[in-house]
Ligand SMILES: [Zn+2]
């Protein structure tokens, strides 16, 4: 059975590869923290390891999407965001609290996006921070929510980001 499946995959694969080059954006979500740390590992150590790999591999700019709420409980995690910037990598918004548009109202969600912005504006120091990734890649459970939040990209001064929307 496995040989048959493998044959099918190998047979189909050449036909599934597009005849034109595609672009892929590599980004990191949930900065400055996500999940528990193993013993003897720091958040800034994880960030520096990632940043070192990105540099070694000559990657183009890689956005880190921020939930600044983490800084309320652990202000020292600003070091992660500063390390990201010091490495020349940009930051964007992932909402302040990692909000879920499917469960939240539009006004509440917009407010959560807005709370993230002062941190991004300061850390990006005049560079383009107006990129946004929807937490959970959820664009809402109604067309109205989807269109309203996507519409933020039309307004001056607000963030951008497929799964990433541009907030203008
Ligand atoms: Zn996330």
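Read the figures in this text as sums done on the coordinates, not as results from a lab. Values in this document were obtained by computation on a predicted structure and should not be read as measured data. Reconstructed Cβ throughout: ideal geometry from the backbone, glycine too, with neighbour counts over all protein chains shown.
Structural remarks
- Note on residue 85 and residue 128: the model spin-label points, each 7 Å out from Cα along the C-beta direction, lie 1.9 nm apart.
- Footprinting exposure proxy for 111, 93 (fewest neighbouring C-beta atoms within 10 Å first): 111, 93
- Full-extension gain in nm, residue 41 to residue 76, via 0.36 nm per residue minus C-alpha separation: 11.1 nm
- From most to least packed by mean Cβ count within 10 Å, the peptides 41-51, 137-147 give 41-51, 137-147.
- Distance in nm between pseudo-label sites at residue 150 and residue 105 (7 Å out along the Cβ direction from Cα): 2.4 nm
- Descending semi-axes in Å of the range 40-166, equivalent ellipsoid built from Cα gyration tensor: 26, 16, 13
- Extended-chain gain in nm, criterion 0.36 nm per residue less alpha-carbon gap, residue 22 and residue 59: 11.7 nm
- Relative packing of peptides 33-39, 70-76 - highest average C-beta neighbours within 10 Å first: 70-76, 33-39
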